Every structure is written in C-alpha cells, then in structure tokens.
Amino acid sequence: MTTLPKVAKDWKTLSIELLNDLFMSMPFEERIPLLYKYFEESDVMVTSSFGTKSIFLLHLLYRFRPTQKVHFINTTYHFPETLEYKNQIRELLGLDIVEVLPSKEENKLTRDEKWWIEHPKMCCSINKVVPLEPVKSHHKVWISGLMSHQTAFRAGLRIFEKQGDIIKFHPNIDVHPDVFNAYLEQYQLPRHPLEGQGYGSIGCTNCTLKGEGREGRWKGSNKTECGLHPRFFINKLKEKEAI
C-alpha cells in the first residue's frame, strides 16, 4: 500500500504519481484535510467562478478549512445573478473572498472592440488568465473544483496535475453527478439562480447561453475552456529563457 512521507509539510519529496496513487484510493471528503498536512494554508490557492458547480468545493472547504481564502476572478462580464449568488454564498459559509481584476485599460479594449466575438481566446486571456498569474506565483498548490464528466479535457485529468510551476489539485474530479446532487440535497445548499432557467454552466454573459452541461459555453465554436486549466499551460519564465 502506498503511503506518504511521515514528515508533515515535506511536500518537496512528493511526486505527482505518488500523490495520485494515494489520493485516488480515498473518499473525496478525506482529500482536502489530508492536503493540509503537507501544505501550509498560505501555500494553497483556491479559485471559484461561483457557477453551478462551485458550491460543492466551497462547502467542503467550509467544513474542513474554513479560513482558506477563495479567489474570484471578476472579469467584469459576470451575470448579475452570479454576483448575487457569490454574496449569498459568502454570507452562508463565511468565505474570505479575494477579488482578482483584469487591467482596466485592457479590459476596456475587450469591451470596446467586443473581442469575445472575433477573439474569444484573447478575451479570456486578458480578463481571466493574465490577472491570476501574479496570484499563482505566490502559491504552490491550486485547488480547483473541476469534475471529469464536464468536458473531454477534464475527463483526462487526474486528482493532481503539474501546471507550469504550480500543482493543480482536483479533489472532486471523480465525483459522479448523482453524488454531487445528493450532497447538495443533504446539506440543503443553494443552487445558482440561473440553473433553474436552463443554464448548465455559467461564465461571462457574452459567451454563455442556455444548455445542458457546458454546451452553452462558447456555443458554435470549438472552444470549451477559458484557458485557466489546460495541461499545456507553459512556464512563462522558462519560455523567456529559451528565447
């Protein structure tokens, strides 16, 4: 049986393979508590979009690490209902939310020229990916609530993945939709107000339509991810050094 090193916080001795081998065999509710035996809270970054699936991870943090900060990337394009839901969840769980904003000048450019129409990848990069870079640089582990059933890309993810200089931790990657729904019912957790109107997944207003799962995101294009999570994310520093 695979075991982790006994020395707490000895994260440098842990390989991605070792972490996956151990964490995969345990229930999802035991994964977050164990993570903090090897990483300081200040080393851990949590992000949430406060979409239809966000409450699951946020409630687990509330139960097992309620002091952990949660980063919310405010693209300035969120639905009013998402912002209201964020405030509702903040009050319910007592979340410490850190708002991450894009550059005002670049954000204005995407708005003035409606980049989400002709340049959706660049729009996401300016308003979501780039603003998070300085935050990521101060952390070792990034907790994300991705689930394998959501997209083909996510179906290929493991609990732990290396993404540039940071370790991605997906404690709920293998949670079945039935388990997700039962959990929300068990704890009487509120759902996103737009979910009842037919939105399976919710992002920015300009790129989100009604639809099951994530089929309403960037509908009519081959884009399925905003760029925050793909495994091919490169180490910016190494890229520059190679030039």
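Here, each number is a calculation from the coordinates, and none is a lab measurement. Fair warning: this is a prediction, and the values are worked out from it, not measured in the lab. Counting neighbours? That spans all protein chains shown, and the Cβs are built from the backbone with ideal geometry, glycine included.
About its Cα centre, region 1-142 has a charge dipole of approximately 180 debye under the convention of +1 per Lys or Arg Cβ and -1 per Asp or Glu Cβ, with nothing else charged.
Among 165-172, 105-112, 59-66, sorting by the average number of other beta carbon atoms lying within 10 angstrom of each residue, highest first, gives 165-172, 59-66, 105-112. Shape of region 104-144 from the C-alpha gyration tensor: prolate (a/c of 1.5 or more and a/b above b/c, with a ≥ b ≥ c the square roots of its eigenvalues).
Summarising the label geometry, the points placed 7 Å from Cα in the beta-carbon direction at residue 178 and residue 18 lie 3.6 nm from one another. Spatially, region 20-87 and region 188-208 are offset by 18 Å when compared through their Cα centroids. Full extension of the chain segment joining residue 165 with residue 197 gains 7.6 nm, where the gain is 0.36 nm per residue of separation less the Cα-Cα distance.
Quick note on region 59-185: its Rg to Rh ratio, both from C-alpha atoms and Rh being the Kirkwood radius, is 0.98. With a threshold of 25 Å on the Cα-Cα distance, the over-threshold entries among 128/210; 69/108; 128/162; 69/162; 69/121 are 69/108; 69/121. Computed from the Cβ-Cβ distance with R0 of 25 Å, the FRET efficiency linking residue 209 to residue 186 stands at 0.20. Between residue 29 and residue 135, full extension at 0.36 nm per residue minus the direct alpha carbon distance yields a gain of 35.5 nm. Put a dot 7 Å past the Cα of residue 118, heading toward its Cβ, do the same for residue 98, and the two dots end up 3.7 nm apart.
Taking amide H positions as modeled 1.01 Å from N, with prolines and chain starts lacking one, the residues under 5 Å from residue 98 and 5 or more places away or on another chain are 70, 71, 72.
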